[in-house]
Amino acid sequence: MTRVGITRAVVAAGGAGTKMAPITQVIPKEMLPVERKPILEHLVAELRDAGITGILFVISSRKSQIPAYFGDGERYGLEFAYRVQDDGAGPGAPVLDAEVWTRGEQFVLAFGDNLIRPAPDRRETPVQRLLKTADQGACSVLTTVFPADQVPAHETLLGAAPAPPPDGGPVTFGEDQLDHTGARWVHACAARWVLGPFVFDALRQCPPRANGELYLIDAVRHWISTGHELKAVPLLPGDVRFNLDNWRAYEDAVAFSRG
């Protein structure tokens with residue numbers, strides 16, 4: 001396949017943040033500070049360092065602080081755009097909202113409430129490693145490999161992993177790995193994706209779940225089940241990811257930043 005240059009990223013930042021109420025009724029969880037900067041500002045730097053030049057923030061109508069703070073992106077040397085997504089639409093909705101903006105190109109999808117820190121001595125960030133796997137028409141995702149009996153409740157499972165790869169190299173992921181019953185190790189999605197135009201049709205073919213929400217993982221698993229493959233790029237030892245949808249994770253991220 002042909003290696004492509006990806007310059008666009010969609011940042012999903014529309015969640016209500018109910019687990020961190022009441023403060024999230026006043027300030028979006030993505031704007032809470034870590035190292036005296038909003039969480040989203042760390043993500044912007046992460047994407048810029050990976051060669052991204054344009055970012056679409058998909059936000060809810062209650063998060064006007066995000067465009068007010070970031071503006072058009074000029075002070076970051078980037079181009080920013082914004083779309084409004086209704087709360088409760090689910091993690092697949094920001095992707096559909098970005099269809100026209102992506103212009104038929106591959107793009108990075110990053111969830112704005114996840115902070116990823118590479119090991120201090122590492123020359124490449126996880127997103128830079130992820131982008132190296134991006135072939136034309138392919139799908140890739142950062143993952144965390146967990147023992148199957150030790151997966152935190154909030155993680156989104158992709159499927160079975162043969163074992164934690166020692167070098168963190170990409171693992172080709174096919175239909176036979178979707179069923180993780182009896183597996184010793186599993187891949188959990190780590191909030192950074194490379195997606196292509198296929199994802200929009202895949203999402204439209206997947207009905208919302210019983211709660212009315214549209215899930216990206218359902219569309220990707222459907223795509224894999226129809227004979228396609230995905231590349232899973234595990235985080236390396238020493239890389240740290242914080243899923244900042246609750247106070248405990250946020251406190252851990254702040255403590256980690258202080259050393």
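A few remarks follow.
- Cα centroid separation - the stretch 191-245 against the stretch 15-48, whole Å: 22 Å
- Fraction of antiparallel bridges per DSSP, the stretch 8-257 only, in percent to nearest 5: 55 percent
- Taken about its Cα centre, the chain carries a charge dipole of roughly 440 debye when the Cβ of each Lys and Arg holds +1 and the Cβ of each Asp and Glu holds -1.
- Available extension along the chain between residue 256 and residue 204 is 14.8 nm, counting 0.36 nm per residue and deducting the alpha carbon span.
- The alpha-carbon of residue 132 sits under 26 angstrom from the alpha-carbons of these lysines, leaving out residues fewer than 8 places away in its chain: 231.
- Distance between modelled label sites at residue 35 and residue 128, nm, 7 Å Cα→Cβ extension: 1.4 nm
- Note on residue 175/residue 86: beta-carbon distance plugged into 1/(1 + (r/R0)^6) with R0 of 41 Å gives a FRET efficiency of 0.80.
- Farthest toward positive dipole pole in the stretch 8-257 [+1 Lys/Arg, -1 Asp/Glu at C-beta], among 208, 172, 28: 28
- Modelled spin-label separation between residue 155 and residue 119, with each label point placed 7 Å from Cα along the Cα-to-Cβ direction: 1.9 nm.
- Farthest toward the positive end of the dipole of the chain, out of 235, 45, 193, is the Cα of 45, where the dipole comes from beta carbon charges about the Cα centre.
- For the chain, the 222 nm mean residue ellipticity estimated from helices alone, with every DSSP H stretch of n ≥ 4 adding -39500 (n - 2.57) and the total spread over all residues, rounds to -6500 deg cm²/dmol.
- In summary, the aspartates and glutamates within cross-link reach of residue 29, defined as a Cα separation below 13 angstrom excluding same-chain residues under 8 places away, comprise 41, 113, 245, 251.
- Loop-resident sites, the stretch 208-257, for chymotrypsin sites (Phe, Trp or Tyr not before Pro), counting at most 15 other Cβ within 10 Å (DSSP): none
- In summary, no helical segment of the chain meets the span-like criteria, namely a full DSSP H run, a Cα extent along the axis of 24 angstrom or more and a mean Kyte-Doolittle hydropathy of at least 0.0.
- Contact order relative to length of the chain, as percent, for alpha carbon pairs under 8 angstrom and 6 or more apart: 25 percent
No value in this document is a laboratory result; all are computed from the given coordinates. Since this is a predicted model, take the numbers as computed values, not measurements. A quick note on method: Cβ atoms are made from the backbone with ideal geometry, for glycine too, and the neighbour counts reach across all protein chains shown.
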